[in-house]
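See below for the structure under consideration.
The values are calculated or read from the model by the stated rules, or taken from the named source; none is laboratory data. Predicted, not measured: the structure shown is a model, and the values here were computed from it. Cβ placement follows ideal geometry from the backbone for every residue including glycine, while neighbour counts extend to all protein chains displayed.
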Amino acid sequence: MNRLAPNSLLARLASGQPLYGLWLGIPDTSVAEIVATAGFDWLVVDHEHGPFEVRDVMRHLQALAPYNVAPIVRPVDGNPALLKKLCDIGAQSFLVPMMDTPDQAAAVVQAVKYPPDGIRGMGTSMARAAGWNTVPDYIHDANREMCVIVQAETSLALENLSAIAGTQGIDGVFFGPADLSASMGYPGEANHPEVVRAIKEGLGTVRAAGKHAGLLCLDPRDAKAYLADGASFIGVGVDTLLIGNAARALAAQYRGSDEDETPAGY
């Protein structure tokens, strides 16, 4: 008999231990499986910026299923029709970008949960998540296994942060330093003192609401500082950058170059 898989990300977050994750932007399941064995706590399948379609996301969820890592799907936006499809193919954890208001956050929660808690449409006979109608009581149990994390990436989101974090059904808030820096008037300067200050204050606001707080931070020293300021889950790498940087470093060894260039951004 098929059973509803518990959401491992929710369990990991509840442990109180710092969680480290990696972005998947390459739509190849071999890359996903290689990374899945590396020891990260979670992996983001990036439908927002990566060249993924819904079928690609499903294949990644299938590829990651045997491994001890929690998959998170970042949809391109909070469109309820898209979220419904992602739920049906098996996504249980969502990282939803550009959430500026509590109403937007509440709408995402509604979209991923069945009535009476939400508006997710019924379609279990075609849903991988329900084992194509072979998971007993799926429609009654699915809601509790959904994890909704929203991204605060604008000045407006910071203004509304307390209300966003306090929205019922929101499990966490994730800060996007790159977009936030642009919104604050410092494009390309994710480490600008004002941006860092805003994130650190934001981490405290989210934690005060009793929710989990995270961010993307590729510098180990900065990540350690953000942990001290209340972050509980941190994205520490991107597959495209890992491959690109390693390839450039290897080529430089043989070309006699002492350059160590890391592309700016993300």
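Residues that are in contact with a Phe, Trp or Tyr (Cβ under 9 Å, 6 or more places away or on another chain) and farther than 16 Å from Val73 by Cβ do not occur anywhere in the range 21-31. On the stretch given as the range 169-185, residues that are surrounded by fewer than 23 Cβ atoms within 10 Å (Cβ to Cβ), assigned to a loop (DSSP other than H, G, I, E, B) and touching an Asp or Glu at 6+ places or on another chain (Cβ under 7 Å) total 1.
Looking at the structure I just gave you, is Gln62 of a type in the set (S, T, N, Q) and either outside any loop (DSSP other than H, G, I, E, B) or surrounded by 21 or more Cβ atoms within 10 Å (Cβ to Cβ) (or both)? Before you say what the answer is, go through the steps one by one.
On the way: of a type in the set (S, T, N, Q): yes; either outside any loop (DSSP other than H, G, I, E, B) or surrounded by 21 or more Cβ atoms within 10 Å (Cβ to Cβ) (or both): yes.
In short, yes.
A count restricted to the range 238-260 and to residues that are at positive phi and buried (at least 19 other Cβ atoms within 10 Å of the Cβ) stands at 0.
Scanning the range 90-134 for residues that are surrounded by fewer than 19 Cβ atoms within 10 Å (Cβ to Cβ), among the aliphatic types (A, V, I, L, M) and under 21 Å from Arg59 (Cβ atoms) turns up just one, Met126. If only residues of the range 217-237 that are aliphatic (A, V, I, L, M), part of a helix (DSSP H, G or I) and out of contact with any strand residue (DSSP E or B) (no Cβ under 6 Å at 6 or more places or on another chain) are counted, the one that is surrounded by the most Cβ atoms within 10 Å (Cβ to Cβ) is Leu227. Cβ-Cβ distances below 9 Å connect the following pairs, each with a first residue in the range 72-84 that is surrounded by 15 or more Cβ atoms within 10 Å (Cβ to Cβ), a second residue that is of a type in the set (Ser, Thr, Tyr), and a separation of six or more residues or different chains: Ile72/Ser93; Val73/Ser93.
Which residue out of Gly210, Gly214 is in a loop (DSSP other than H, G, I, E, B) and modelled with pLDDT of 95 or more?
Numbers: Gly214 fails: in a loop (DSSP other than H, G, I, E, B).
Criteria check complete, one pass: Gly210.
Filtering Val57, Val45, Val73 for residues that are β-branched (Val, Ile, Thr) and in a helix (DSSP H, G or I) leaves a single hit, Val57. The residues of the range 14-37 that are over 13 Å from the mean Cα position of the chain (by Cα) and closer than 14 Å to Gly235 by Cβ, listed by number, are Pro18, Val35.
In the range 157-201, the qualifying residues are those that are more than 24 Å from Lys224 (Cβ to Cβ) and hydrophobic (A, V, I, L, M, F, W, C), and the one that is nearest to the chain's Cα centre (by Cα) is Ile170. Scoring Glu145 on the criteria (1) on the phi < 0 side of the Ramachandran plot; (2) in contact with a Ser or Thr (Cβ under 6 Å, 6 or more places away or on another chain) leaves a single failure, condition (2).
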